[in-house]
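Undergrad: Once you've had a glance at the structure underneath, I'll fire off some questions.
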Amino acid sequence: MATIDYKNKILTAFDESFDSKKGVRPVYAAYADWLAGKDFSQLAQKSRDAELLFRRVGITFAVYGEEEGAERLIPFDVVPRILAASEWKRLSDGACQRVRALNMFLNDLYHGQDIIKAGVVPESILTNEMYRPEMQGVDVPGGVYAHIAGIDIVRTEADTFYVLEDNLRTPSGVSYMLEDRRMMMRLFPELFRNYPIAPVEHYPQLLLENLRAVAPRGANNPTVVLMTPGAYNSAYFEHAFLAQQMGIELVEGRDMFVKDNAVFMRTTEGPKQVDVIYRRIDDDFIDPLAFRQDSMLGVPGLISVYRNGGVALANAIGTGVADDKSTYIYVPEMIRFYLGEEPILSNVPTYKLSVADDRKYVLEHLAELVVKEVQGSGGYGMLVGPTSSKSQIEDFRLRILANPDNYIAQPTLALSTCPTLVEQGVAPRHVDLRPYVLTGKTTTVVPGALCRVAMNEGSLVVNSSQGGGTKDTWVLQC
């Protein structure tokens with residue numbers, strides 16, 4: 001068990017690979033035997049090879065706010081995270097259960113609002129800025145709102161997993177899950193010959209099948225496109241990668257137009273009707289006639305076609321109200337309300353700062369808690385109390401007092417650790433996990449995930465924008 005001392009407050013982190021009393025855990029046993037035959041220089045060379053290959057492919061992301069529009073490589077760790085089949089079943093079942101309930105919630109919210117009438121979710125959710133009244137009463141194709149969802153999961157004990165947050169708007173990072181696997185297979189082919197590692201390469205095809213399943217025209221061969229804001233977007237590599245892997249067109253708003261209650265894309269052979277748009281662009285910018293008038297990224301008239309059933313959008317407009325951190329609090333009750341089941345995966349205990357008692361407690365214990373903006377992402381807009389200075393804590397106190405509805409707070413969790421290659425050798429570092437749940441006719445997840453790792457010793461922040469890296473996730477098939 002690794003221990004982290006945050007200003008003399010000791011947090012004990014569960015080590016996924018090693019038990020101090022029993023030694024190497026069974027799920028890591030075969031890999032540990034292989035690793036024992038390698039020295040640091042061999043692994044370090046493999047790490048350098050991976051960096052060179054990633055640079056050649058152009059797997060970078062932009063860091064907003066940095067000078068000169070900096071493009072970075074996300075650090076890649078050549079030591080995988082390994083999960084047993086039984087562990088993965090629980091995680092995948094829990095993630096799928098959660099997404100089924102969230103889709104039912106969105107359908108209810110934009111139609112009968114039974115969950116509000118039952119008093120399970122407060123009516124104030126209708127004032128959330130991610131709620132889109134334009135979608136009220138609109139029947140989306142297949143009743144699916146979140147076609148692609150990334151569920152962030154952390155582990156604190158052998159059998160204790162928590163959902164940290166739900167990503168339903170335009171969840172990113174799946175390209176790293178796929179490219180990390182490709183890299184590991186290239187660097188260590190012998191491991192994939194000798195160990196029963198579940199494949200993830202079929203994700204693009206599964207995604208395409210799910211997108212085709214919600215085509216509104218019911219065509220035998222519906223046309224699917226991926227809509228990107230353009231090359232300056234931080235996730236543009238992923239947009240281009242996924243379009244190429246699915247064999248579909250990568251388009252920008254200027255490549256499409258609306259005519260006769262349909263959406264068309266311009267091609268060298270003339271206009272071609274589009275049935276499904278996998279959009280990687282936020283609601284506000286997708287149609288200047290419906291939302292931001294100054295948007296140059298969208299398609300004028302797109303939302304009118306969408307509301308009339310002429311095209312499907314993945315994910316649906318208005319989905320963001322379900323992944324807001326203030327909505328997150330109610331997801332376990334959504335599962336009980338819509339599915340009649342107990343949640344397989346628990347939420348992190350969460351304080352809602354619009355509630356007076358919660359706010360009073362949080363303000364008295366800021367140095368012990370993590371405080372997040374309800375619509376923040378990427379590790380921005382948050383306070384990690386145990387690692388923050390007095391001035392940072394006081395700054396957040398003023399922010400909370402000025403706008404308490406904008407924040408939630410959670411206890412500081414000792415995220416589990418996995419062996420990670422660092423400059424000193426192989427050492428434990430904190431990790432989280434983002435499986436990608438796909439919904440079309442069914443709700444499924446491939447046996448793999450984006451594993452993010454805090455590369456700095458003691459850090460709990462795994463976001464790539466804050467210096468975190470990625471690992472390949474191995475799900476053993478036996």
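Undergrad: Would any residue of the stretch 276-297 have its amide N under 20 Å from a label point 7 Å out along Cα→Cβ of ASN308? List them or say none.
TA: 276-277, 286-291
Undergrad: Go ahead and estimate [θ] at 222 nm for the chain from helices alone: -39,500 (n - 2.57) per DSSP H run with n ≥ 4, summed, over the residue count, rounded to 500.
TA: Working: 13 runs with 132 residues, N = 478.
About -8000 deg cm²/dmol.
Undergrad: Obtain the nm distance between the two label points defined at ASP139 and GLU342 by a simple spin-label model: each point lies 7 Å from its Cα along the Cα-to-C-beta direction.
TA: Reported label-point gap for ASP139 and GLU342 is 3.8 nm.
Undergrad: Let's test the formula: R0 of 30 Å, r as the Cβ-Cβ distance of LYS390 and SER20. What FRET efficiency results, to the nearest 0.05?
TA: Values: r = 35 Å, r/R0 = 1.16.
After rounding, the FRET efficiency stands at 0.30.
Undergrad: Sticking with this structure for a sec: Pop a pseudo-label 7 angstrom from the Cα along the beta-carbon direction at both GLU123 and GLN477 and give the gap in nm to one decimal.
TA: Calculated label separation equals 5.5 nm.
Undergrad: Then there's this: At 0.36 nm per residue, and after removing the present C-alpha to C-alpha distance, how many nm does the segment from THR350 to ASN194 gain when stretched out fully? Let's see the in-between values first.
TA: Working: separation 156, 0.36 × 156 = 56.16 nm, distance 4.31 nm.
Fully extending the segment from THR350 to ASN194 adds 51.8 nm.
Undergrad: A further question follows. Calculate the length of the line joining the C-alpha centroid of the stretch 286-307 to that of the stretch 160-211, in whole Å.
TA: So the separation of the two Cα centres works out to 33 Å.
Undergrad: Among DSSP beta bridges whose residues both lie in the chain, state the antiparallel percentage, nearest 5.
TA: Values: 54 of 72 bridges.
In the chain, DSSP labels about 75 percent of beta bridges as antiparallel.
Undergrad: Another question about this same structure. With a Förster radius of 41 Å, plug the Cβ-Cβ distance of GLU201 and GLN113 into 1/(1 + (r/R0)^6) and report the FRET value to the nearest 0.05. Mind showing how you got there, number by number?
TA: Working: r = 41 Å, r/R0 = 1.01.
Calculated value: 0.50.
Undergrad: Suppose R0 equals 45 Å. What FRET efficiency, 1/(1 + (r/R0)^6) with r the Cβ-Cβ distance, do ASN463 and PHE257 give to the nearest 0.05?
TA: On the way: r = 37 Å, r/R0 = 0.82.
Computed FRET efficiency for ASN463 and PHE257: 0.75.
Undergrad: DSSP loop (so not H, G, I, E, B), at most 10 other Cβ within 10 Å: list which GluC sites (Glu not before Pro) in the stretch 179-276 pass both filters.
TA: Numbers: sites: GLU179, GLU190, GLU201, GLU209, GLU238, GLU249, GLU252, GLU269; in loops: GLU201, GLU252, GLU269.
Those satisfying the criteria are GLU269.
Undergrad: In nm, to one decimal, how far is the ASP358 label point from the ASP33 one, both placed 7 Å along Cα→Cβ?
TA: Label-label distance for ASP358 and ASP33, simple model: 5.0 nm.
Undergrad: A 25 angstrom limit on the alpha carbon distance is what I want to check against. Which of LYS46/LYS89; LYS38/LYS471; LYS21/LYS89; LYS117/LYS325; LYS89/LYS441; LYS89/LYS471 exceed it?
TA: Details: LYS46/LYS89 31 Å; LYS38/LYS471 19 Å; LYS21/LYS89 27 Å; LYS117/LYS325 22 Å; LYS89/LYS441 21 Å; LYS89/LYS471 20 Å.
Long pairs (Cα-Cα over 25 Å): LYS46/LYS89; LYS21/LYS89.
Undergrad: Provide the gained length on full extension for the span LEU73 to SER86, in nm with one decimal, where the gain is 0.36 nm per separating residue minus the Cα-Cα distance. Could the numbers behind the result be given before it?
TA: Working: separation 13, 0.36 × 13 = 4.68 nm, distance 3.31 nm.
This chain segment gains 1.4 nm when fully extended.
Undergrad: Let me ask another. Assuming 0.36 nm per residue, please report the length gained on full extension of the stretch MET296 to GLU51 beyond their Cα-Cα distance. Don't jump to the answer; show the numbers that get you there.
TA: Numbers: separation 245, 0.36 × 245 = 88.20 nm, distance 3.53 nm.
Answer, rounded to one decimal: 84.7 nm.
Undergrad: Another question about this same structure. Express the relative contact order of the chain as a whole percentage, based on alpha carbon pairs under 8 Å and six or more residues apart in sequence.
TA: Details: 924 pairs, mean separation 112.6, N = 478.
In percent, rounded to a whole number, it is 24.
Undergrad: What label, among (1) 26.3; (2) 24.0; (3) 21.8, belongs to mean projected area of the Cα convex hull in nm² computed from the structure on display?
TA: Recomputing mean projected area of the Cα convex hull in nm² here picks out (2).
Undergrad: What is the Cα centroid distance between the stretch 83-111 and the stretch 327-363, reported in whole angstrom?
TA: Cα centres, the stretch 83-111 to the stretch 327-363: 16 Å.
Each reported figure results from applying straightforward, stated rules to the coordinates on display, with no laboratory input. All values derive from a computational prediction rather than experimental measurement. Quick reminder, even Gly has a Cβ in these numbers, built from the backbone with ideal geometry, and neighbours come from all protein chains shown.
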